[in-house]
Amino acid sequence: MDRRYNPKTIEEKWQKIWEDQKLFKVTEDSTKPKYYLLEMFPYPSGKIHMGHVRNYSIGDVLARYKWMKGFNVLHPMAWDAFGMPAENAAIEHGVHPAKWTYENIEYMKNQLKRMGFSYDWDREFATCDVSYYKWEQLFFLKMYEKGLAYKKRSIVNWCEICQTVLANEQVMSDGTCWRGHADDPGVTQRELDQWFFKITQYAEDLLEWCDKLPGWPERVLTMQKNWIGKSVGAEIYFPLENSKEVIKVFTTRQDTVFGATFMSLAPEHPLALSLSRGTPQEEAVKHFIEKMKRQDQLKRTAETAEKEGVFTGAYCLNPMTGARMPIFVANFVLMEYGTGAVMAVPTHDQRDFEFAKKFGLPMIVVVQPNGHNLNPETMSEAYEGEGILINSGPFNGMDSIKAREAIARYLEERGLGGKKVSFRLRDWGISRQRYWGAPIPIIYCERCGTVPVPEKDLPVVLPFNVEITGMGKSPLALVKEFVETKCPNCGGPARRETDTMDTFVESSWYFDRFACPDYHEGPLDKKRVDYWMPVDQYIGGIEHAILHLLYSRFFTRVLKEFGWVSVEEPFTNLLTQGMVCKEVYECPKDGYLFPEEVEGQGERFLCKKCGGKISVGRLEKMSKSKKNVVDPEYLIERYGADTARMFCLFASPPEKDLDWSDQGVEGSFRFINRVWRLFFELEPRLRGIESLPFGSALEGEQRTLRQKTHKTIKKVTEDIERFHFNTAISAIMELVNEIYVSKVKEYNDEISLRVTREAIETVVRLLFPFVPHVAEELWEALGYQGSLIKTQWPDYDPEAVKEEEVLIVIQVNGKLRDRITLPASFGEEEVKAWALKSERIRRLIEGKEIKRVILVPRKLVNIVC
RNA sequence: GCCGGGGUGGCGAAAUUGGAAUACGCGCGAGACUUAGGAUCUCGUGGUCGCGAGACUGUGCGGGUUCGAAUCCCGCCCUCGGCACCA
């Protein structure tokens, strides 16, 4: 046998064995506890990147560990296969998106296999398979039936680069597209007819359950709560002057209603134009609305933007005071939030304050803070805090917090409004003006209007022959055979919807489909879904904190209502792994540079192109545009999959960002080699030797080594359970170091051989989840047959980890002064006595009065004097 | 501005319940082996002072609680991320 570590040979060998024996295939089994482990599935972009390697390495540790712990582990993999890049490839390289996608899948699948991940490949599917998306079309129909899918004309986000609409969740806070284009000009607004999913119907439930997901990271839940954005307040009706109509307003500060002196409408508010009609203000209002329309929404609504507005010429009345309130149109009011109209209380709202100052509008103080006397004349900013109500009729003297409740009730009793809750969350816009997606199963008939495709006519298959232009209109609109159809109602001529569904729809339920990917009588086989769901552990990037994770929670609620799933929440535990980062080289003139384009001289780095100084050291997420990617392919080729896996797991804990380090990779490779060498140095003498039974009484070096072995089992087990893979690996390293320095491995008596065998065998078993190929190879070399996956995870011998002696730290006044080794059996008084007897301690406390002696059993004695 | 992470050696990091700060790895230094090694094995490695035993100091900063604080409390600073003219 080749005694050198040759990753290529052994990795190919074991991957074939795993595949041939279908070791990771699972079926429902009621005799074992189930464990559904899932990592976010990849988009088949061409080849895997380091983020995938990290994500899937983390998952694979857990999968293999749980198998060995006796769980029935579902660990599947699929492809999030619809989406933009396939169409771009079509435009750039003239290749059909389907061909491009399926070829990428083949290639990436092969890469994942070469990483040695333990997937049940029999469950694989791609979301662009008709057999997958047809069920999604069924969901759409059911949602349409229940009013959960609807079409409306609205102002939507438009990405110039993707040439399609984006959902609110898909626009980043800097106004760019979630896909992170290199030179993103920012999203713009368009008014379009679009399909929406009514996620807002579940806003309250989605929010409430955030507090019932203890297995989720706090920061993800916080982000979701922020995104849903619940505000508790009141709705108030302001009657229009000389009219029966009212303007509805949402406010969280109904306690300040007596101070409302004017009204602000969003430019898009339907009343804005109609109120000014026929007044001298009409032209000005029209002009202002036009101007707002042209302006970028992000800029218009930036906090720093100057308050702008125009008087409509109309008035409404304060329902509490009867005061005449001029109605304005203002740039800072958003049509999408609340009612699109805001009662303006300049004294207690900074925006209204600025607006009132600019237009010289009246100001009345209605909340008086403790110990101050606010005067509208002298106020330099609004007072937004709490206080005692004044100028508020029957509510004078009331605490502002209590007044909110009282005024809401008052409004309700008189039909002037009432309690109201508002959410920031908007409905999910799912129409995409793109080809490579699931067609929306809707038909438009001239006579019957919008008609859903009958269930029996599903699937609406995405046609193959399409010209892809990327020009901002669905390419499907150009496919006559697709568009032109008959109305299922009247049989007359009709046209199909040509937009496709957002790809986030596919990823909102793929985890359910894994339970029954071969089921064809319906979308989900309830019995099997009930067996596997919910996902016990979900692992993926933090970038989906809102997007995919919120959509999936929404979809789960919908599918539960339809009776296809039984769970409220799809993912019991969530692990969000950090990004893989590497330093970037940036030249002020030439932009980002590859490392080879940089000349390094100690602290100074120069650009090879222009000779200018380069800034280095900044760590950024690996990305092509930043020119700081490392191709996993290179790692597999040069070091093997085991090294790549181990580096990702060892360099930092899963939730943290991982800083790339070439030397770190070398270190991991070196460790594997170190284990390999040690193993084959010992192996010839250990053949046929058996480990010691539990409870064996040993002494001296033998006991020390065996104790380290069992302590390591304990530590690694606990660390895997709490996802501290980096410390689990370091514990194994310690054991390896201990074997290296232990003399026991050189002795030839039976006990020494057995202790050594147990130690090295333990290293192999504990390494399996992290570096499975190496572990399998060494396991086989130990004379065992069959995969380690079929073996039990080792238990530690409680007898072996017991300490006979303990190191006691002695402190004087909390400072470390000495340490002594004592038999573990010593009682409190004995330990104290020995501590006080120490030579160094005696010197230190000489002549001082001992006030107290604190003892932490088996750890330390602190003498206070 | 609000909310949430995080800040520990030259670097990645560890310390699970308030009990030895810096495990493990990288880097660096010394030694062994060697014709040689950038391979391998062993040892050392927070800072200051000291020949030394040792002393002092040290987990972003300032206070506090405690016999004892990286860990708990109060007040700041920096940094990353989310939300943000949200009524």
Residue that is within 26 Å of A:G695 (Cα to Cα), within 12 Å of RNA strand B (Cβ to nearest atom), in contact (Cβ under 8 Å) with a residue 12 or more places away in the chain and assigned to a helix (DSSP H, G or I), where the choices are A:I739, A:I751, A:I729, A:I760: A:I739
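For every residue, the table says whether it meets (1) assigned to a helix (DSSP H, G or I); (2) surrounded by fewer than 20 Cβ atoms within 10 Å (Cβ to Cβ); (3) not β-branched (V, I, T).
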residue	(1), (2), (3)
A:Y107	yes, yes, yes
A:G116	no, no, yes
A:Y119	no, no, yes
A:Y132	yes, no, yes
A:W135	yes, no, yes
A:F139	yes, no, yes
A:K142	yes, yes, yes
A:K152	no, yes, yes
Test result for A:Q111, among the polar types (S, T, N, Q) and assigned to a strand (DSSP E or B): no
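Suppose we filter A:E241, A:E235, A:E282, A:E290 for residues that are more than 11 Å from RNA strand B (Cβ to nearest atom), acidic (D, E) and closer than 21 Å to A:P319 by Cα; which single one remains?
Of the residues listed, the single one that is more than 11 Å from RNA strand B (Cβ to nearest atom), acidic (D, E) and closer than 21 Å to A:P319 by Cα is A:E241.
When the residues of segment A:717-742 are filtered to those that are within 28 Å of the chain's Cα centre (by Cα) and hydroxyl-bearing (S, T, Y), which remaining residue is surrounded by the fewest Cβ atoms within 10 Å (Cβ to Cβ)?
Applying the filter and picking the extreme gives A:S730.
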Tally, over segment A:824-865, of residues that are within 51 Å of the chain's Cα centre (by Cα) and either part of a strand (DSSP E or B) or polar (S, T, N, Q) (or both): 10
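Matching residues to (1) part of a loop (DSSP other than H, G, I, E, B); (2) within 16 Å of RNA strand B (Cβ to nearest atom):
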{"position": "A:W100", "(1), (2)": "no, no"}
{"position": "A:V165", "(1), (2)": "no, no"}
{"position": "A:E169", "(1), (2)": "no, yes"}
{"position": "A:R179", "(1), (2)": "yes, yes"}
Failed item in (1) touching a residue at least 60 places away in the same chain (Cβ under 8 Å); (2) more than 14 Å from RNA strand B (Cβ to nearest atom); (3) farther than 25 Å from A:A167 by Cβ, with A:E586 passing the rest: (1)
Filtered residues of segment A:193-231 (kept if more than 27 Å from A:E561 (Cα to Cα) and more than 9 Å from RNA strand B (Cβ to nearest atom)): A:D193
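What number of residues within segment A:765-801 are more than 16 Å from RNA strand B (Cβ to nearest atom) and touching a residue at least 24 places away in the same chain (Cβ under 8 Å)?
Summing the residues that are more than 16 Å from RNA strand B (Cβ to nearest atom) and touching a residue at least 24 places away in the same chain (Cβ under 8 Å) in segment A:765-801 gives 22.
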Pairs where the first residue, in segment A:6-17, is in contact (Cβ under 8 Å) with a residue 24 or more places away in the chain and the second is surrounded by fewer than 14 Cβ atoms within 10 Å (Cβ to Cβ) and part of a helix (DSSP H, G or I), C-beta under 9 Å, 6+ apart: A:K8/A:E637
Out of A:G322, A:G338, A:G313, sole residue that is in a loop (DSSP other than H, G, I, E, B) and either more than 30 Å from A:M379 (Cα to Cα) or more than 15 Å from RNA strand B (Cβ to nearest atom) (or both): A:G322
A:K486, sole failed condition from (1) closer than 17 Å to A:M84 by Cα; (2) touching a strand residue (DSSP E or B) at 6+ places or on another chain (Cβ under 8 Å): (1)
Residue satisfying condition, being within 14 Å of RNA strand B (Cβ to nearest atom) and either outside any helix (DSSP H, G or I) or surrounded by 19 or more Cβ atoms within 10 Å (Cβ to Cβ) (or both), within set A:K714, A:K745: A:K745
Qualifying positions in segment A:432-476 - within 35 Å of the chain's Cα centre (by Cα) and among the small types (G, A, S): A:G437, A:A438, A:G470, A:G472, A:S474
Scope segment A:49-94; condition at pLDDT below 95, under 16 Å from A:K113 (Cα atoms) and assigned to a loop (DSSP other than H, G, I, E, B); matching residues: A:H49
Evaluation of A:C316 against (1) in contact with a Phe, Trp or Tyr (Cβ under 9 Å, 6 or more places away or on another chain); (2) under 18 Å from A:V156 (Cα atoms); (3) modelled with pLDDT of 90 or more (one fails), failing number: (2)
Residue ID - farthest from A:V345 (Cα to Cα), chosen from residues in segment A:404-434 that are more than 14 Å from RNA strand B (Cβ to nearest atom) and part of a helix (DSSP H, G or I): A:E413
Failed item, numbered, when A:M398 is tested on (1) on the phi > 0 side of the Ramachandran plot; (2) more than 10 Å from RNA strand B (Cβ to nearest atom): (1)
Selected residue (criterion: farthest from A:T256 (Cα to Cα)) from residues of segment A:351-383 that are crowded, with 17+ Cβ neighbours inside 10 Å and away from RNA strand B (no atom under 14 Å from the Cβ): A:L361
Looking only at segment A:659-672, and only at residues there that are farther than 22 Å from A:R4 by Cα and near RNA strand B (Cβ under 7 Å from one of its atoms), the one that is surrounded by the fewest Cβ atoms within 10 Å (Cβ to Cβ): A:S661
Hey, A:H348 within 13 Å of RNA strand B (Cβ to nearest atom) and assigned to a loop (DSSP other than H, G, I, E, B) or not: yes
Those residues of segment A:386-400 which are among the small types (G, A, S) and either without any contact (Cβ under 8 Å) to a residue 40 or more places away in the chain or farther than 16 Å from A:G371 by Cα (or both), in sequence order: A:G387, A:S392, A:G393, A:G397
Inter-residue pairs, beta-carbon under 7 Å, first over 15 Å from A:Q189 (Cβ atoms) and among the charged types (D, E, K, R) and in segment A:163-176, second near RNA strand B (Cβ under 10 Å from one of its atoms) and part of a loop (DSSP other than H, G, I, E, B), 6+ apart: A:E169/A:I546
Members of segment A:813-828 that are more than 20 Å from A:Q707 (Cβ to Cβ) and either near RNA strand B (Cβ under 8 Å from one of its atoms) or at pLDDT 90 or above (or both): A:N813, A:G814, A:K815, A:L816, A:R817
Close pairs from segment A:666-690: first within 15 Å of A:S752 (Cβ to Cβ), partner among the polar types (S, T, N, Q) and more than 12 Å from RNA strand B (Cβ to nearest atom), Cβ under 9 Å, at least 6 apart: A:L682/A:T756; A:R685/A:N748; A:R685/A:T756; A:L686/A:T756; A:I689/A:T756
Tally of residues being within 47 Å of the chain's Cα centre (by Cα) and in a loop (DSSP other than H, G, I, E, B) across segment A:805-823: 1
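The values are calculated or read from the model by the stated rules, or taken from the named source; none is laboratory data. Just so it is clear, the structure is predicted and the values come from calculations on it, not from any experiment. Note that we place each Cβ from the backbone using ideal geometry, even for glycine, and neighbour counts take in every protein chain shown.
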